[in-house]
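Encoded as structure tokens, the structure appears first; notes follow it.
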């Protein structure tokens, strides 16, 4: 019978559909996301960061404590049955600030290192590729001011990217104090935010447009050139081995303590991460939030599609909840963007099972065989009812299952779905070896 | 400075707190939950079930399509900015029904095996141990009617329990048609639901109370005795090796096809699962939902604290969304209850890291050493700023980190936090061996 999606008889049927901007995850997509998340978690754990969780619903006043009108328009907020104004979290940063302020010096001590991977909700106008429910993946250390803490965030994130098989990336680093100082020195302190915003767009809109827009802010021609010269500075981060490499490039001077901090961070990076670092003063991060070193991460050749991970050092995370000043450093990974990169590369495609066991005569396959496969860590799906060959192939293809094991009185036949080759296997150990040898590495 | 939780000066501070009935997961608690979930997922995957995900928000009419007024009172529902009535899911069953109806014969084929672990929300009156946000963990196969599918649900769930180290459990199985038939045969078809509800309480309220309540329904004394005799039947499931073992116990007759189904299911269970099965006709499952075999799982000796996993076979999952009749079998695991059992047993306690590296002279510990530890899968936290011994101990204890590795010019000293013993270690390989030998097995 076909799906009925309207009520055509006396029985009422509701149309089965998700809300606009929301989506189901079908099995293969969910497996890919879970594998990605598991590898990131494992890396973060090795670096000594621990997971936390916070409620998806919080008091509206808590979630809106840091934000302007833009957030208010996007947040899913409502009044609960008890008359409280509550809302769904729209990021993991505000809940983290609340979490730290609530638990510090009680259940947790500083420094505190955590990661948090979870869903957030924003009622944005839906556009292609923009969802109203999506994952965020944040990693932070609060209560430490050292350059080592900064370096560890980059080490952990870059190592996570390598662990999931992404190696063609560059982490572009800079320091917020550099542009801030330049702005003050040239006498534009009150226009600092506007200048930052314009320079931040330079990679997208180009130098000429930036030139024009800065002139429009009544910045003098000379100073515009200085700003553009500054924001154009981009070099392999190995220049950070010697601070004079950079200071000599800026004859009018540059904030040396900020450069020194970047040199310190660079020296503390893992050797295998250093080649992935670029010193890039166009990185300013739009958000007011950051006060120290900042970074954005791009896939080489796809810089225009945007950053896959970004972050930096900030002061006073918990200012809305406590007078104690708690600063920190953190970053986040764009899971959805990473997933599409990985899925495009094909490396991560993994079916719902490793083998599909089908009995040729329609009987239930021997349970000892099934248990032996599973005992050998082979994900084993079984056809319990009689299945024709064509239907079995379709099932395996739809679920990206690489093998069908046909069981009959005359023996076992292993069918490779990709090649359509079928071969008789003589023993269970032979079968296990053959299946395992062709599996995507599914260790985490 | 101390935490300020009220606004005492001109700076406004918001009290950092979660909503009543909600809770944060601190690192060690979250690690325990993630380990539990990872082991369950791994077991389900080996059994050929695949994960899916659905949105946390759905159309209110979809979530309420199956339910009566009780759900309506508990659901978090509201109107979004687009004027749609939407709600947070209160279970994973209704979204699964919507998912199957929406995708069947398009992105998915029958039979369809899935598991789904996710948060759900209910605005219940908060009581001790009842939360408004909690996890559900469901496993189902739809589109197959075989006894093998029923047996696989038990195999998968019981194997997951064994995988997480819980082995003192019994799965009590029965069949809904047994009581249904008895009720009809004795002439109480119209009172079936009430009789079921009363017998379902027998383990809690006792036979005498059931006797009284059934008499109150105008059931005759003789028939009350028959109902109680029936619901008192409880035997090791090995009696299912021969159907006559059961039929002979009921001289007035019993639904033989239902018993035969239970015999078939039993014969299809893994040999290591069979000893965990009890045939128990008092298991009726309160919900109307179930139509075939049903089960509930209890920790031996803690039967009164309730079931840790339950489920059964049902007809027509998708009735509110499509005319196609799709039946299936499924079960769910009570994650919170399991977590408290495991946490009480102490077996699962795991800190935020395996070792905490502290430099005795306040310098940053050698990065090669740190990378060597992490490369050997040791979760390594590092003190980047100078830390006094007492503070280091407190940090390790708070975070359940079993070892501190003190690094100084004279060598490496490994401190076991539990025993307070400190020993000099001569080489990195020695250090790795010592740390690994004492770790909780953290493989998943």
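All of the numbers you see were taken from the coordinates with simple rules; none came from a lab. All figures in this text were calculated on a predicted structure; none of them were measured in a lab. Reconstructed Cβ throughout: ideal geometry from the backbone, glycine too, with neighbour counts over all protein chains shown.
Worth pointing out:
- Viscosity 0.890 mPa s, 25 °C: Kirkwood-radius Stokes-Einstein D of the stretch B:267-319 over Cα pairs, µm²/s: 192 µm²/s
- Value of D in µm² per second that Stokes-Einstein yields for the stretch A:148-193, Kirkwood Rh from Cα pairs, at 25 °C (0.890 mPa s): 187 µm²/s
- Neighbouring Cβ atoms from other chains, within 10 Å of the Cβ of residues in A:20-26, number 6 on average.
- DSSP beta bridge pairing in the protein assembly as shown, given as percent antiparallel to the nearest 5: 80 percent
- Centre separation in Å (Cα based) which lies between the stretch A:23-71 and the stretch B:165-204: 42 Å
- When the Cα atoms of chain B are aligned to their principal axes, the ranges along those axes come out at 87, 58, 50 Å in descending order.
- For the stretch B:293-444, alpha-carbon Rg and Dmax in angstrom: 23.9, 77
- Copy-to-copy label separations for residue B:238, where each label sits 7 Å from Cα toward Cβ, in nm and ascending: 7.3
- The stretch A:312-334-the stretch B:356-384 distance, computed between alpha-carbon centres (Å): 25 Å
- Compactness of the stretch B:189-266, expressed as Rg and Dmax over alpha-carbon positions, Å: 13.8, 38
- Distance between modelled label sites at residue B:427 and residue A:190, nm, 7 Å Cα→Cβ extension: 7.0 nm
- Axis-proximal residue of chain B for the rotation onto chain A, reported as residue and distance in whole Å: B:78, 2, based on Cβ position.
- Highest mobility in the GNM of chain B, judged by mean-square fluctuation with C-alpha springs under 10 Å and restricted to B:177, B:156, B:209, is found for B:209.
- The value of relative contact order for the stretch B:241-393, using C-alpha pairs under 8 Å at least six residues apart, is 12 percent.
- Each label point was placed 7 Å from the Cα along the Cα-to-Cβ direction; for residue A:20 and residue B:107 their separation is 1.9 nm.
- Remark: label point of residue B:394 defined 7 Å out from Cα along the Cα-Cβ vector; separations to the same position in other copies 6.7 nm, ascending.
- For the pair residue B:361 and residue A:289, a Förster radius of 45 Å applied to the C-beta separation gives a FRET efficiency near 0.80, rounded to the nearest 0.05.
- Per-residue shielding of A:379-386, expressed as the average number of other chain Cβ atoms within 10 Å of the residue Cβ, stands at 6.
- Extension gain, residue B:125 back to residue B:372 (0.36 nm per residue minus Cα-Cα distance, nm): 83.8 nm
- With eigenvalues of the C-alpha gyration tensor scaled by 5 and rooted, the stretch A:231-336, Å: 24, 20, 14
- The mean count of C-beta atoms from other chains within 10 Å of the C-beta of residues in B:40-49, rounded to a whole number, is 6.
- Spin-label model distance (nm) - residue A:205 vs residue B:80, 7 Å beyond Cα toward Cβ: 3.2 nm
- Under a Gaussian network description of chain A, with springs only between Cα atoms under 10 Å, the residue in A:371, A:235, A:180 that fluctuates furthest is A:371.
- Using only Cα coordinates, the Kirkwood hydrodynamic radius of the stretch B:70-222 works out to 19.8 Å.
- Inter-copy label distances at residue B:212, using a point 7 Å along Cα-to-Cβ, come to 8.9 nm with the shortest given first.
- For the protein assembly as shown, the convex hull drawn through the C-alpha positions has a volume of 199 cubic angstrom per residue.
- Packing around the peptides B:322-328, B:357-363, taken as the average count of other Cβ atoms within 10 Å per residue, puts them in this order, highest first: B:322-328, B:357-363.
- Choice from A:375, A:21, A:118 showing the highest fluctuation, given a GNM over chain A with Cα pairs closer than 10 Å: A:375
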